[in-house]
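Q: I am attaching a structure below and will ask some questions about it afterwards.
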Amino acid sequence: MPTPQRIPSRAELIDHLVRTRIAGAVATPRQNSLDHYRKLAHGDRLYWLGVELGDRWRDEQDVLAVMAERCGVSDDPGLRTGQDSIDPGLTVAALERAAVLLRKAADARQRVLFATGHPGGLLDVHRTTAAALRAVGCEIVSVPSGTGADEGMVYQVADVAVFERGATLWHTHSPAPMAAVLDGLAREGRPLPDLVVADHGWAGCAAQRGIDTVGYADCNDPALFLAEAEGLLRVAVPLDDHVVDPRFYEPMTAYLLEAAGLPAAG
């Protein structure tokens with residue numbers, strides 16, 4: 001039997017996030033974040049993550065201001081070197097907002113879809129959350145068989161949709177896999193999810209389609225935070241989305257499930 005994960009207090013979780021560099025001084029270089037903000041503002045759709053931003057975010061300084069407010073990066077455009085930062089307090093606050101949506105899903109036995117473009121980092125976060133919702137009677141939406149996108153296929157690993165190409169799970173920012181899943185559900189006459197919990201383009205596409213969405217996002221992925229600022233995406237959780245050991249996320253997931261009143265899942 002797996003050892004139950006002890007639930008950290010809020011203060012303990014903040015300390016853990018900083019020590020493991022899930023938040024605080026993260027591995028992402030500051031210059032990388034600023035480059036992504038600029039490319040998004042200049043219309044590079046790779047950085048829109050499936051969100052239709054139009055002409056609303058053409059000034060990269062406006063993007064930086066939102067990222068400072070919602071992610072905790074420095075708002076100084078002159079700071080261009082060193083490691084970027086995420087405010088761990090904002091991470092925990094976002095987890096608490098996400099917990100409200102998970103509790104709503106549990107109470108209403110909603111249909112929930114989990115997906116990740118970061119299988120090397122966040123797969124187990126999503127898997128554990130899916131298991132907790134399944135345990136209280138939620139339907140975890142299954143991906144239509146034969147769903148293809150971006151010259152690869154969409155499969156589910158432990159209830160989490162992932163993108164595979166060449167017998168390898170891929171890190172992807174593309175919204176195409178989520179679009180293919182949602183279109184496939186519609187073709188089969190199956191209802192769309194009531195809630196999506198995802199990251200990268202999986203989350204951006206779902207939010208753009210009008211589905212309540214929780215999206216995990218790094219400090220160099222501004223589109224989900226802009227979508228949250230506009231009210232399109234319900235919650236953007238700021239965190240380093242690929243730390244050196246995925247087990248570092250376990251206390252965070254335990255805190256999320258406790259806040260949602262959901263059972264711990266192994």
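The values are calculated or read from the model by the stated rules, or taken from the named source; none is laboratory data. Not measured: the values here are computed from a predicted model. FYI the Cβ positions are ideal-geometry reconstructions off the backbone, even for glycines, and counts take in every protein chain you see. With ligands, DNA and RNA removed, areas are computed over all heavy atoms of the protein, side chains included. Shrake-Rupley method; radii C 1.70, N 1.55, O 1.52, S 1.80 Å.
Q: Is it true that residue 76 is crowded, with 19+ Cβ neighbours inside 10 Å and not in a helix (DSSP H, G or I)?
A: When the stated conditions are applied, residue 76 does not pass them.
Q: Okay, moving on. Residue under question is residue 10, and the condition is that it be among the basic types (Lys, Arg), within 19 Å of residue 125 (Cβ to Cβ), surrounded by fewer than 19 Cβ atoms within 10 Å (Cβ to Cβ) and free of Cβ contacts under 8 Å to residues at least 24 places away in the same chain; does it hold? Lay out the reasoning, then the answer.
A: Values: among the basic types (Lys, Arg): yes; within 19 Å of residue 125 (Cβ to Cβ): yes; surrounded by fewer than 19 Cβ atoms within 10 Å (Cβ to Cβ): yes; free of Cβ contacts under 8 Å to residues at least 24 places away in the same chain: no.
No.
Q: If you scan the range 212-258, which residues turn out to be in contact with a Leu (Cβ under 8 Å, 6 or more places away or on another chain) and without any contact (Cβ under 8 Å) to a residue 24 or more places away in the chain?
A: Selection gives 213, 215.
Q: If you scan the range 123-147, which residues turn out to be of a type in the set (A, V, I, L, M, F, W, C), open to solvent by less than 30 Å² (accessible area, probe 1.4 Å) and touching a helix residue (DSSP H, G or I) at 6+ places or on another chain (Cβ under 7 Å)?
A: Taking the range 123-147 first, the residues of a type in the set (A, V, I, L, M, F, W, C) are 123, 125, 130-133, 135-136, 138, 140-141, 143.
Those still in the list that are open to solvent by less than 30 Å² (accessible area, probe 1.4 Å) too: 125, 130, 132-133, 138, 140-141, 143.
Result: 125, 132, 133, 138, 140, 143.
Q: Same structure again: Scan (1) within 24 Å of residue 25 (Cα to Cα); (2) at pLDDT 95 or above; (3) of a type outside the set (D, E, K, R) for the single condition residue 233 breaks and write down its number.
A: (1) is the only condition that residue 233 fails.
Q: Might you check whether a residue that is of a type outside the set (Asp, Glu), open to solvent by 50 Å² or more (accessible area, probe 1.4 Å) and at pLDDT 95 or above occurs anywhere in the range 174-184?
A: Looking through the range 174-184, none of the residues is of a type outside the set (Asp, Glu), open to solvent by 50 Å² or more (accessible area, probe 1.4 Å) and at pLDDT 95 or above.
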